[in-house]
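The values are calculated or read from the model by the stated rules, or taken from the named source; none is laboratory data. In this text the structure is predicted, and so the values were computed from the model without any measurement. Neighbour counts are summed over all protein chains in view; Cβ atoms, including those assigned to glycine, are modelled from backbone coordinates with ideal geometry.
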Amino acid sequence: MNRIIVGAHYGLKDWLAQRISAIVMATYSVFIGIALASGGAASYESWRALMSGSVTRFATFLFIVSVCYHAWIGVRDIWMDYVNSVAVRLTLHVLTILGLVGCAGWAVQILWRL
Amino acid sequence: MPEIIKPRPKFLTLSQIHLPLPGFVSILHRVSGAGLFLLLPWLIYLFQLSLTSPETFEHFKTYVAHPLVKLILFGLSWAFLHHFCAGIRFLLLDIQVGIEKPQARASARAVLAISLGLTVIVALKFLEVF
């Protein structure tokens, strides 16, 4: 039987996901930063128009997903580094996942109501 | 095999040793990331206020004008900008750019300086200084 009995086989996948999500967020942030600096949120109308455009909506959705996945990997690493008790760590992992999934849903809902 | 005998215990001069600059950037990357994570629900709340209706947009504007809220937002701006700059540095290190010690130290210094500089610019812009 070829069973993987060592732990960290998820390392490469997460390492890559952390970097891809980082590039998505960095690119999005630069574009939104430029839009904001050139008065994109000067009034409610302009801000809403900016965020409800289909391209922005597509990009914002990707940004939200990236933030949550990126935060999951980063925060999980923090728990793994500093929390030694398995029970406490598992609880924190679960709470982190639930919190982030909830946040993603909430943010998407704000976006899709526009 | 000859064994190197190191004098033990080793007494460190704690006033003279310190974390090198890249280590400092690294731990701040973690701290800023944790801060952004913890305040994520609040940021989504602000996002919601700003987009729901013209009334909530006005409420958003008065809300973020509060000095304490401003202070937290400046802190988060720094956290974001530091995380952003340090993250780009890490991505470059991943593709073997600037991995020599002098370059790595210089880029660590640059990350600290640029993120602080950008935070000041964002804060001034927010305070409508320019």
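At a glance:
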{"quantity": "Residues that are within 10 Å of another protein chain (Cβ to nearest Cβ) and part of a helix (DSSP H, G or I), drawn from the range B:52-84", "calculated": "B:Thr52, B:Pro54, B:Glu55, B:Thr56, B:Phe57, B:Glu58, B:Phe60, B:Lys61, B:Phe80, B:Leu81, B:His83, B:Phe84"}
{"quantity": "Test set (1) part of a helix (DSSP H, G or I); (2) within 11 Å of another protein chain (Cβ to nearest Cβ); (3) modelled with pLDDT under 95 - A:Ala41 fails condition number", "calculated": "(1)"}
{"quantity": "Top-ranked residue of the range B:74-109 - restricted to ones that are among the small types (Gly, Ala, Ser) and touching a residue at least 12 places away in the same chain (Cβ under 8 Å), ranked as nearest to A:Ala35 (Cα to Cα)", "calculated": "B:Ser77"}
{"quantity": "Matching residues in the range A:100-114 - criterion: being more than 7 Å from chain B (Cβ to nearest Cβ) and either in contact (Cβ under 8 Å) with a residue 60 or more places away in the chain or in a helix (DSSP H, G or I) (or both)", "calculated": "A:Leu100, A:Val101, A:Gly102, A:Ala104, A:Gly105, A:Val108, A:Gln109, A:Leu111, A:Trp112"}
{"quantity": "Unique residue being hydrophobic (A, V, I, L, M, F, W, C), surrounded by fewer than 14 Cβ atoms within 10 Å (Cβ to Cβ), modelled with pLDDT of 95 or more and not in a loop (DSSP other than H, G, I, E, B) when the list is A:Leu90, A:Leu62, A:Leu12", "calculated": "A:Leu90"}
{"quantity": "Residue within the range B:98-119 that is closer than 19 Å to B:Trp42 by Cβ and either crowded, with 18+ Cβ neighbours inside 10 Å or touching a helix residue (DSSP H, G or I) at 6+ places or on another chain (Cβ under 8 Å) (or both) present", "calculated": "yes"}
{"quantity": "For A:Val55: the one exception among (1) loosely packed, with under 13 Cβ neighbours inside 10 Å; (2) under 18 Å from the mean Cα position of the chain (by Cα)", "calculated": "(2)"}
{"quantity": "Only one of A:Val55, A:Val75 that is among the aliphatic types (A, V, I, L, M) and touching a Phe, Trp or Tyr at 6+ places or on another chain (Cβ under 9 Å)", "calculated": "A:Val75"}
{"quantity": "Flag for B:Ser115 being part of a helix (DSSP H, G or I), closer than 24 Å to A:Ala41 by Cβ and modelled with pLDDT of 95 or more", "calculated": "yes"}
{"quantity": "Filter pass, A:Ile32 being of a type outside the set (Asp, Glu) and closer than 25 Å to B:His82 by Cα", "calculated": "yes"}
{"quantity": "Residue ID - farthest from A:Cys68 (Cα to Cα), chosen from residues in the range B:14-35 that are small (Gly, Ala, Ser) and within 11 Å of another protein chain (Cβ to nearest Cβ)", "calculated": "B:Ser32"}
{"quantity": "Filtered residues of the range A:65-87 (kept if more than 8 Å from every other protein chain (Cβ to nearest Cβ), assigned to a helix (DSSP H, G or I) and surrounded by 14 or more Cβ atoms within 10 Å (Cβ to Cβ))", "calculated": "A:Val65, A:Ser66, A:Cys68, A:Tyr69, A:His70, A:Trp72, A:Ile73, A:Arg76, A:Asp77, A:Trp79"}
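Residues are listed down the side, and each one gets a yes or a no for (1) under 30 Å from A:Arg48 (Cβ atoms); (2) at pLDDT 95 or above:
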residue: B:Pro2; (1), (2): no, no
residue: B:Leu39; (1), (2): yes, yes
residue: B:Ser50; (1), (2): yes, yes
residue: B:Ile88; (1), (2): no, yes
